[in-house]
Amino acid sequence: MKISIDLTLDSAHQLHLEGDSKCNNLHGHRYEIHVEIVDYHEERDIVVNFHEIKKFFDMYDHVFLNDVVPFETTIENMVRHWAGTIKDMFDVSKVTIVGKETENCLAEYTT
């Protein structure tokens, strides 16, 4: 069984990249997040409650991401973190997260 949900987060962050990058300045994004969860436990009546997924992402909404996670807050690192955390938290078979940071930039990770 596969379920999916789309969410939007508004968050700020500041990167620490080498060179002269605009991303090293404090800035924000409206992240568009697509979550797919696959579970092969046929005995379950529900894969994951959609409300619980939304609740998980609430801790990343309207915050300074650098204060929430202990790593560089690139979109690549965020989708990797979200996918791994959701997979462990809900004991499911596979999680794919697509995180769209800008209109033209996104990252995808499957665990």
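Is it fair to say Ser93 is touching a Phe, Trp or Tyr at 6+ places or on another chain (Cβ under 7 Å) and among the hydroxyl-bearing types (Ser, Thr, Tyr)?
Against the criterion (touching a Phe, Trp or Tyr at 6+ places or on another chain (Cβ under 7 Å) and among the hydroxyl-bearing types (Ser, Thr, Tyr)), Ser93 qualifies.
Give the residue, chosen from His51, His62, that is more than 24 Å from Ile3 (Cβ to Cβ) and not charged (D, E, K, R).
His62 is the lone residue from the list that is more than 24 Å from Ile3 (Cβ to Cβ) and not charged (D, E, K, R).
Condition (residue is at negative phi and assigned to a strand (DSSP E or B)) applied to the stretch 13-21: is it met by at least one residue?
Yes: one or more hits.
Can you pull out the residues in the stretch 71-111 that are in contact with a strand residue (DSSP E or B) (Cβ under 8 Å, 6 or more places away or on another chain), hydroxyl-bearing (Ser, Thr, Tyr) and free of Cβ contacts under 8 Å to residues at least 40 places away in the same chain?
Of everything in the stretch 71-111, those that are in contact with a strand residue (DSSP E or B) (Cβ under 8 Å, 6 or more places away or on another chain), hydroxyl-bearing (Ser, Thr, Tyr) and free of Cβ contacts under 8 Å to residues at least 40 places away in the same chain turn out to be Tyr109, Thr110, Thr111.
What single numbered condition from (1) touching a residue at least 40 places away in the same chain (Cβ under 8 Å); (2) part of a loop (DSSP other than H, G, I, E, B) fails to hold for Asp45?
In the conditions (1) touching a residue at least 40 places away in the same chain (Cβ under 8 Å); (2) part of a loop (DSSP other than H, G, I, E, B), Asp45 misses (1) alone.
Just checking, how many residues over the stretch 63-108 are farther than 17 Å from Ile53 by Cα and among the hydroxyl-bearing types (Ser, Thr, Tyr)?
3
Condition first: part of a helix (DSSP H, G or I) and either small (Gly, Ala, Ser) or surrounded by 11 or more Cβ atoms within 10 Å (Cβ to Cβ) (or both). Can you find one or more residues in the stretch 26-34 that meet it?
No; the residues of the stretch 26-34 include none that is part of a helix (DSSP H, G or I) and either small (Gly, Ala, Ser) or surrounded by 11 or more Cβ atoms within 10 Å (Cβ to Cβ) (or both).
I'd like to verify a number: residues in the stretch 81-111 that are among the basic types (Lys, Arg) and either outside any strand (DSSP E or B) or under 14 Å from the mean Cα position of the chain (by Cα) (or both), how many?
Total satisfying the criteria: 2.
For the stretch 56-78, state whether one or more residues are farther than 28 Å from Asn24 by Cα, surrounded by 11 or more Cβ atoms within 10 Å (Cβ to Cβ) and at pLDDT 95 or above.
no
Just to be sure I understand the filter: pairs with C-beta atoms under 9 Å, separated by 6 or more residues or on different chains, first member in the stretch 1-23 and within 30 Å of Tyr40 (Cα to Cα), second member part of a helix (DSSP H, G or I) and of a type in the set (A, V, I, L, M). Which pairs pass?
Ile3/Ile53; Ile5/Ile53; Leu7/Ile53
The values are calculated or read from the model by the stated rules, or taken from the named source; none is laboratory data. Keep in mind that what you see is a predicted model, and the values were worked out from it rather than measured. Because the Cβ atoms are built from the backbone with ideal geometry, glycine has one as well, and the counts that use them run over all protein chains shown.
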